[in-house]
Structure formats: C-alpha cells, structure tokens
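Some notes on the structure that comes next.
The values are calculated or read from the model by the stated rules, or taken from the named source; none is laboratory data. Quick caveat: nothing in here was measured; it's all calculated off a predicted structure. Ideal geometry is used to build each Cβ from the backbone, glycine not excepted, and the neighbour counts take in all protein chains shown.
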Amino acid sequence: MEIRRVGVIGAGQMGNGIAHVFAQSGYDVVLHDVSEAAMEKALEIITANMDRQVSRGRLSAEDRDTALARISLERDLAALGQTDLVIEAATEREELKHKIFAALVPHLAPHTILTSNTSSISITRLASGTDRPERFMGFHFMNPVPVMQLVELIRGIATDEPTYNTLVEVVKRIGKTASSAEDFPAFIVNRILVPMINEAVYTLYEGVGTVASIDHALKLGANHPMGPLELADFIGLDTCLAIMNVLHEGLADTKYRPCPLLVKYVEAGWLGRKTKRGFYDYR
Ligand code: CAA
C-alpha cells in the first residue's frame with residue numbers, strides 16, 4: 001500500500017521530530033495538537049533543526065523550504081481523515097490514547113493504518129479499542145527523532161502482514177532502520193534502557209555516587225553518549241516513571257519497582273529538561 005499523507009498526533013518532542021523526518025522524506029504531514037501554541041512551537045523547533053542541517057551542508061535551503069511547506073498544522077482531528085497513516089505521539093497515558101483513538105476513528109478512511117509511538121503500553125490493548133486492530137501497530141521512534149537511526153515496530157496480536165510490510169517500507173523511505181519487537185511491556189529498547197536508568201536513580205538514592213560521578217562513570221566506563229541521569233532528564237522523568245510502572249505492573253516483578261527518588265522528583269514537577277529541572281538544573 002502506498003503512503004503519501006501522514007497524520008501526526010501530538011506536537012511535543014516526539015511529534016515534532018516525527019513530523020520533521022516525514023516531511024523531509026517527501027510525505028505530506030498533518031500535525032495535530034489540541035494546543036495551537038504547542039503546534040506553533042513545534043514548527044519553530046522543526047525550522048530551527050532544519051536550518052541547522054542547512055548550515056551544516058546536510059540539506060539544501062530549497063529542500064528545507066519544500067519540506068516545511070509539506071507540514072500543515074490542524075487543531076481539528078477531522079483533518080486527519082484524508083491521511084494514509086496516522087502516528088499517535090501524545091503523552092504516555094493509556095486513557096488519553098484510548099480517548100484520542102475513539103475521537104479519531106470515525107473520521108478515518110477505511111484503508112488508513114493507525115499507529116502509536118507509545119514507548120511501553122500494550123499495542124494489542126490500544127488496538128482493541130479501535131475499529132481496525134488488523135491495521136494497527138506500534139511505531140516507536142527514539143529521541144531525538146531526526147538523529148536516532150532506530151524505529152521499533154511492534155505487531156499487536158491481530159496486526160496483519162500487509163500492515164507490517166507497509167511500515168517496513170516506510171521505515172526504509174525515511175532512512176531509518178527497523179527492529180521488530182513482540183508486544184510485551186516496554187518492548188526491547190525501554191525494557192532494557194529504563195530499568196538501567198532506574199538503577200542509576202537507586203545508585204544516587206543509596207548514596208553510592210553523586211549525579212556527576214554516576215554519569216561520568218557510565219559515559220567513560222561504558223562509552224554511553226549521555227550518562228543515565230542526564231538521559232533521564234532528556235527523556236523526561238515522568239516518561240521514565242510511566243515506563244517503570246508499566247513494567248512493574250505488566251511483568252509483576254519487584255525488580256522493576258520504580259525508585260522512590262524518581263517518584264519524588266516527578267511529584268515535585270521536576271521532570272527534566274522540559275521543566276528546566278531534574279537531576280540537573282537547566283534554569
Ligand atoms: N533534534 C534534532 N537534531 C539534534 C537534536 C535534536 N533534539 N539534538 C542534537 N541534534 C543533532 C545535532 O544538530 C548534531 O547534528 P550534526 O551532526 O548535523 O551537527 C547531532 O545531533 C549531534 O549533536 P551534538 O553535536 O549537539 O551533541 P552530541 O554529539 O552530544 O549528540 C545526542 C547529542 C545525539 C542527543 C547524543 O547525546 C545521544 O545520542 N544521546 C543519547 C540519546 C538516546 O539514548 N536516545 C534514546 C532515548 S530513549 C527513547 O527515545 C525511547 C523512549 O521511548 C524513551
């Protein structure tokens with residue numbers, strides 16, 4: 001099936017990166033958010049990121065202008081009715097995602113493939129609340145989307161082969177590499193990455209190291225581009241906690257217990273870079 005027009009729901013850090021990559025790869029993109037301000041901010045970020053690509057000689061000014069012209073901002077979900085593929089990248093809250101799909105589905109053409117960029121929630125459960133579980137998949141991008149090579153593809157129990165094969169082709173066209181994961185809590189990347197971050201928070205909580213020494217140790221001792229606490233701030237501590245909760249509940253194993261310090265930071269509203277305060281102070 002040919003995909004030409006793509007809908008992206010949510011103009012946050014994942015949504016704007018996804019819109020950027022698809023527009024630059026020749027797709028028409030409809031970016032939807034309930035907040036006009038969030039959509040305008042997303043377009044500013046996309047423009048700034050493309051400008052940087054131009055200044056580094058990785059993109060021509062003409063291609064930047066063409067890509068930006070492919071993005072339309074729409075507050076009305078009905079505008080996604082004429083798309084071939086929808087990628088939901090709203091906040092990582094299951095009830096919110098169900099609500100969005102319920103409002104969206106009546107507008108969709110029958111052929112439209114529906115996907116979620118969820119980092120941990122069951123694809124089978126999200127799909128079952130829609131009219132098209134066979135054309136529903138997990139389509140999980142990594143942050144920052146324009147930079148990271150990997151996309152996880154997750155089939156729900158009912159996902160059909162044509163849908164899977166279509167997304168494999170889409171991943172190639174956007175210049176990324178797919179990794180397929182089964183539909184278990186947090187799939188592959190976050191099943192491994194986020195417990196490591198949680199363990200780094202325990203290491204801090206128990207006084208084994210300081211924020212600086214923990215990050216320094218993993219950067220220099222394991223060649224990680226960012227230390228785990230810096231990475232937690234980058235991902236968002238609320239997202240890290242949401243993923244730990246999904247693992248803890250979904251796998252019913254105490255080894256996934258969220259660190260109380262992580263819980264406390266989230267309760268304080270210290271969510272990392274996006275609130276200018278997390279394990280580091282960005283003010
Ligand atoms: N958007 C677009 N481009 C960005 C960017 C952003 N937010 N941040 C950095 N870049 C680009 C820069 O422009 C630069 O591009 P050029 O090579 O063209 O100059 C390139 O990325 C490298 O950036 P920098 O030189 O500024 O900095 P760096 O070398 O320290 O790299 C990084 C920055 C790529 C973010 C690197 O630190 C890194 O790889 N960190 C780990 C990221 C990671 O692990 N992501 C996965 C998170 S988990 C996830 O996303 C899944 C989930 O569900 C939670």
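Values as computed for the structure displayed
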item: Residue 171 being hydrophobic (A, V, I, L, M, F, W, C), over 30 Å from residue 277 (Cα atoms) and either in contact with a Gly (Cβ under 8 Å, 6 or more places away or on another chain) or free of Cβ contacts under 8 Å to residues at least 40 places away in the same chain (or both); result: yes
item: Which numbered condition residue 87 fails, given (1) away from the ligand (no atom under 14 Å from the Cβ); (2) part of a strand (DSSP E or B); result: (1)
item: Residue selected from the range 143-165 under the condition outside any loop (DSSP other than H, G, I, E, B) and under 15 Å from the mean Cα position of the chain (by Cα), by the criterion surrounded by the fewest Cβ atoms within 10 Å (Cβ to Cβ); result: 150
item: Conditions (1) within 11 Å of the ligand (Cβ to nearest atom); (2) part of a helix (DSSP H, G or I): number failed by residue 168; result: (1)
item: Condition check for residue 175: of a type outside the set (A, V, I, L, M, F, W, C), surrounded by fewer than 19 Cβ atoms within 10 Å (Cβ to Cβ) and not in a helix (DSSP H, G or I); result: yes
item: Search result, residues across the range 181-231 that are touching a Cys at 6+ places or on another chain (Cβ under 7 Å) and not hydrophobic (A, V, I, L, M, F, W, C); result: 198, 202, 205
item: Residue, nearest to residue 203 (Cα to Cα), within the range 271-281, restricted to residues that are touching a residue at least 40 places away in the same chain (Cβ under 8 Å) and in a loop (DSSP other than H, G, I, E, B); result: 279
item: Output for the range 96-142, where each listed residue is over 17 Å from the mean Cα position of the chain (by Cα) and at pLDDT below 95; result: 129
item: Selection status of residue 99, within 30 Å of residue 59 (Cα to Cα) and surrounded by fewer than 21 Cβ atoms within 10 Å (Cβ to Cβ); result: no
item: Among the candidates 186, 181, residue that is in contact with a strand residue (DSSP E or B) (Cβ under 6 Å, 6 or more places away or on another chain), among the aliphatic types (A, V, I, L, M), modelled with pLDDT of 95 or more and within 26 Å of residue 222 (Cβ to Cβ); result: 181
item: Selection from the range 119-142 of residues that are closer than 20 Å to residue 17 by Cα and either assigned to a strand (DSSP E or B) or hydroxyl-bearing (Ser, Thr, Tyr) (or both); result: 119, 120, 137, 138, 139, 140, 141
item: Close pairs (6 angstrom Cβ cut-off, 6 or more residues apart or separate chains): within 15 Å of residue 120 (Cβ to Cβ) and in the same structural domain as residue 270 (by TED's automatic domain parsing) in the range 227-249, within 10 Å of the ligand (Cβ to nearest atom) and modelled with pLDDT under 95 anywhere; result: 239/92; 242/92; 243/119; 243/120; 246/120
item: Qualifying residue in the range 16-27 (condition: more than 16 Å from the ligand (Cβ to nearest atom), surrounded by fewer than 16 Cβ atoms within 10 Å (Cβ to Cβ) and among the small types (Gly, Ala, Ser)); result: yes
item: Some residue of the range 203-211 being in contact (Cβ under 8 Å) with a residue 60 or more places away in the chain and either over 15 Å from the mean Cα position of the chain (by Cα) or within 30 Å of residue 42 (Cβ to Cβ) (or both); result: yes
item: Among residues of the range 216-270, those that are aliphatic (A, V, I, L, M), closer than 23 Å to residue 145 by Cβ and outside any helix (DSSP H, G or I), counted; result: 1
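For every residue, the table says whether it meets (1) assigned to a loop (DSSP other than H, G, I, E, B); (2) more than 26 Å from residue 240 (Cβ to Cβ); (3) modelled with pLDDT under 95; (4) in contact with an Asp or Glu (Cβ under 7 Å, 6 or more places away or on another chain).
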{"position": "17", "(1), (2), (3), (4)": "no, no, no, no"}
{"position": "26", "(1), (2), (3), (4)": "yes, yes, no, no"}
{"position": "72", "(1), (2), (3), (4)": "no, yes, no, no"}
{"position": "80", "(1), (2), (3), (4)": "no, yes, no, no"}
